Amino acid sequence: SVMMMKMKRSAHTPHPFTHEVNVTAAQRIQGIILGVVLFPVRITLATLFFLLMWPIARLRLAGLSEAERAEPVRGWRRWLFHHIMLFLSRAVFFSVGFLWIRVKGRQAGLKEAPVLVVAPHSGFLDMLVVCATGLPMVVSRSENCRLPVIGALLEFNQSVLVSRKDPESRKKCVSQICERVTSDGRWPQVNTHNHSLARSFTRSHTLSLIHTLSRSFTRSLTHSLDTVRWTWKGLTWLGTLWHTTSQIYTSVTVEFLPVYTPSQEEKQNPDLYAENVQKLMAKALRVPATDYVMEGRFPVKKLGNLSLPLEPPAQETLKLLREHGVMNDVLDSCPSGQSTTVTADHLTTLLGLKDRRTAVKICSLYSKDDTVDLRQVCLSVSAVSGFRSLESLIHTAFTWYDTDQDGLLSAGDLSGLMGALVGVPQYEVAEMYTALTTRGRPTEASLQDLLKTHPVYGKVLSEYLHSSRLADGNHNGIPNGKTNGNNNGIYNGHGASSRTSD
């Protein structure tokens, strides 16, 4: 089943991972008055119910061996704890203002559609749909297991876990889901927010599509705000909670669309299957479909298996450097090309910055802390600055990332090199490395030839990096994304259907 969230967006939003809540002065005053009363009460109640779920989640699998935990929970452990958890889950969302869930259509049964695909995933409040669909199993990031309460809930749910950074984990996840959806009803339905992942295991399975609409209201039917969307840029998670809980209520509509059964051609081509499902979801939402995805910390556009950031960190870094009078080629700050992780203090000195705060900001564009790989900063900024030709830049990058200094790149070398050029990590370069080695040995000449002549990867130089150099401040040089019949992929202010990597 595919869930889709239809939200209002600004007409100037560049892509579906940015969302701002624009409120009038009257709405802001009214929100503050209501929020002072409603926010503490609602958060207290939601926290209470949330904490009650913790011991119950642990009790469900208590005393079971690892082998027993790998099997679907049956008997009293299922019917007793399942209904209690469903009640508490709904109580959490009721507490924060989701008073009613309007359901349209019919949810397909387990035998009819074993997979529920929920998209797009626009925030943690989207999990309300899990209540509306009877607590199906979910697919989640393995990192979430370390979170208090959340880890216990994932264990209770017998969730399928996947690591964003480990390709092997992704393969294991797909294998595990395939086993469950082909278990002839032994396992419950599987709910995933990622339909690009779903294409890997839905080759011969039907999907029951779901469409949802969510609005927050301060007075019944007077005006509505999209306050539940927590995106890459825009509201923080705390802002999302404040704006949502400070409304009288939030209206939610869940619509089950007809079951989607793959054609024979789609069964043979999972990519076609995923694309057609995306088109159908976008049509139901009346938004353009794009090939943008959220991968790790960055919204990206896929080019083959490469991930090209929609808002390159190098663009913002270059802007910061120019604001502080740094006009020289930053490659001069990293002459050795050593794989050096530097602190913000060290970066301040290397780049000749006037204050440490700018270095901290640059680090935050590339990593989660106050350290950064100097090679990645220098190469990615030089790539968009135009100080050197792209051919010269590739020569420098090849020299730096040829770890064995034998004139040949390994797959790991190529991963690091491409990640440094575009400014975000590249976890899946197997396809590109195969294309490189089919041209002979993976030398610098072969890489130059690949990036100049390959029909797909040649666009890294001819379109992506070239346009980044010519970019203005409005679109950051990102070439228009692939769309399904709308304005060359540029989001036009009414939302967008995109893929999320969960």
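The values are calculated or read from the model by the stated rules, or taken from the named source; none is laboratory data. Just so we're clear, the structure is a prediction, and the values are computed from it rather than from any experiment. A quick note on method: Cβ atoms are made from the backbone with ideal geometry, for glycine too, and the neighbour counts reach across all protein chains shown. Side chains are part of the model used for accessible areas, which takes the heavy atoms of the whole protein and leaves out ligands, DNA and RNA. Shrake-Rupley method; radii C 1.70, N 1.55, O 1.52, S 1.80 Å.
Figures for the structure shown
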| item | result |
| --- | --- |
| Residue match in the stretch 291-299 (condition: at pLDDT 85 or above and of a type in the set (D, E, K, R)) | no |
| Among the residues listed as R141, R106, R90, the single one being under 29 Å from the mean Cα position of the chain (by Cα) and over 24 Å from R186 (Cα atoms) | R90 |
| Checklist (1) in a helix (DSSP H, G or I); (2) open to solvent by less than 50 Å² (accessible area, probe 1.4 Å); (3) within 25 Å of V300 (Cβ to Cβ) applied to L409, failing item | (1) |
| Flag for L116 being touching a His at 6+ places or on another chain (Cβ under 7 Å) and touching a residue at least 12 places away in the same chain (Cβ under 8 Å) | no |
| Residue match in the stretch 315-322 (condition: among the β-branched types (V, I, T) and either surrounded by fewer than 16 Cβ atoms within 10 Å (Cβ to Cβ) or more than 24 Å from the chain's Cα centre (by Cα) (or both)) | no |
| Residue in the stretch 365-376 that is more than 30 Å from D404 (Cβ to Cβ), at pLDDT 90 or above and not β-branched (V, I, T) present | yes |
| Residue list for the stretch 254-281, restricted to those being open to solvent by 20 Å² or more (accessible area, probe 1.4 Å) and β-branched (V, I, T) | V259, T261 |
| Filtered residues of the stretch 426-441 (kept if surrounded by 22 or more Cβ atoms within 10 Å (Cβ to Cβ) and in a loop (DSSP other than H, G, I, E, B)) | V429 |
| Residues of the stretch 441-466 satisfying the condition of being under 18 Å from S380 (Cβ atoms) and in contact with a Phe, Trp or Tyr (Cβ under 9 Å, 6 or more places away or on another chain) | L447, L451 |
| Number of the condition not met by S307 [criteria: (1) open to solvent by less than 30 Å² (accessible area, probe 1.4 Å); (2) farther than 23 Å from S163 by Cα; (3) of a type in the set (S, T, N, Q)] | (2) |
| Hey, S169 closer than 30 Å to S415 by Cα, open to solvent by less than 50 Å² (accessible area, probe 1.4 Å), at pLDDT below 85 and not in a loop (DSSP other than H, G, I, E, B) or not | yes |
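Conditions tested, residue by residue: (1) at pLDDT 90 or above; (2) assigned to a helix (DSSP H, G or I).
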{"position": "L59", "(1), (2)": "yes, yes"}
{"position": "E68", "(1), (2)": "yes, yes"}
{"position": "E71", "(1), (2)": "yes, no"}
{"position": "F81", "(1), (2)": "yes, yes"}
{"position": "M85", "(1), (2)": "yes, yes"}
{"position": "R90", "(1), (2)": "yes, yes"}
{"position": "R106", "(1), (2)": "no, no"}
{"position": "K111", "(1), (2)": "no, no"}
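Residue by residue, here is whether (1) open to solvent by 40 Å² or more (accessible area, probe 1.4 Å); (2) touching a residue at least 24 places away in the same chain (Cβ under 8 Å); (3) within 30 Å of K233 (Cβ to Cβ) holds:
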site: V342; (1), (2), (3): no, yes, yes
site: R357; (1), (2), (3): yes, no, yes
site: F387; (1), (2), (3): yes, yes, yes
site: H395; (1), (2), (3): yes, yes, no
site: T403; (1), (2), (3): yes, no, no
